[in-house]
1. Does the stretch 13-21 contain at least one residue that is outside any helix (DSSP H, G or I), among the polar types (S, T, N, Q) and more than 26 Å from Ser96 (Cβ to Cβ)?
2. For the structure I just gave you, tell me whether Ala42 is touching a helix residue (DSSP H, G or I) at 6+ places or on another chain (Cβ under 7 Å), buried (at least 17 other Cβ atoms within 10 Å of the Cβ) and in contact (Cβ under 8 Å) with a residue 60 or more places away in the chain.
3. For the condition closer than 17 Å to Thr16 by Cα and in a helix (DSSP H, G or I), what is the one hit in Val65, Val87?
4. Which ones in the stretch 81-96 are of a type in the set (A, V, I, L, M, F, W, C) and under 20 Å from Pro29 (Cα atoms)?
5. Looking at the stretch 76-96, I want the residues that are free of Cβ contacts under 8 Å to residues at least 12 places away in the same chain and have a partner that is part of a helix (DSSP H, G or I) and exposed (fewer than 14 other Cβ atoms within 10 Å of the Cβ) with Cβ atoms under 6 Å, at least 6 apart or on another chain. Which pairs are those?
6. What is the number of the single condition among (1) at pLDDT 95 or above; (2) within 17 Å of Ile89 (Cβ to Cβ) that Ile30 does not meet?
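The values are calculated or read from the model by the stated rules, or taken from the named source; none is laboratory data. This structure is a prediction, so every number in the text was calculated from the model and none was measured. Glycine gets a Cβ as well: all are built from the backbone with ideal geometry, and neighbour counts include every protein chain shown.
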Amino acid sequence: MDTPLPNAEPAPSLNTAFEKAFESVQDLPIRPDNPTLLELYALYKQATQGNVCGEKPGFYDFVGVAKYEAWEKLQGVDADTAKRRYVEIVAQLMDS
């Protein structure tokens, strides 16, 4: 059994890490490409609202359709998994 080191900071909870990652997105050194932004959007929606809901936007709403379809691809992914992946992506972006 591992015992924590004295004076070691406890690992942040997943929810805390997710909230910090969400706030950090605004301060990224470089704007991510569109596929990465769509992935972050979809992961956030899946983590906070669950499976995609509502009607798919109309054909001419290109951005709305892209967002809907990105979120739809995550159908069935649980909130914790979506939060972990979101945190990982933001951490990678912050390091670049």
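1. In the first step, residues of the stretch 13-21 are kept if they are outside any helix (DSSP H, G or I); the result is 13.
If we keep only those that are among the polar types (S, T, N, Q) too, we end up with 13.
Now narrow it down to the ones that are more than 26 Å from Ser96 (Cβ to Cβ): none.
No; the residues of the stretch 13-21 include none that is outside any helix (DSSP H, G or I), among the polar types (S, T, N, Q) and more than 26 Å from Ser96 (Cβ to Cβ).
2. Values: touching a helix residue (DSSP H, G or I) at 6+ places or on another chain (Cβ under 7 Å): yes; buried (at least 17 other Cβ atoms within 10 Å of the Cβ): yes; in contact (Cβ under 8 Å) with a residue 60 or more places away in the chain: no.
So Ala42 fails the test.
3. On the way: Val65 fails: closer than 17 Å to Thr16 by Cα.
Just one listed residue meets the conditions, Val87.
4. Taking the stretch 81-96 as the starting set, the residues that turn out to be of a type in the set (A, V, I, L, M, F, W, C) are 82, 87, 89-91, 93-94.
Hits for the stretch 81-96 are Val87, Ile89, Val90, Ala91, Leu93, Met94.
5. That search, which allows pairs on different chains as well, returns nothing.
6. (1)
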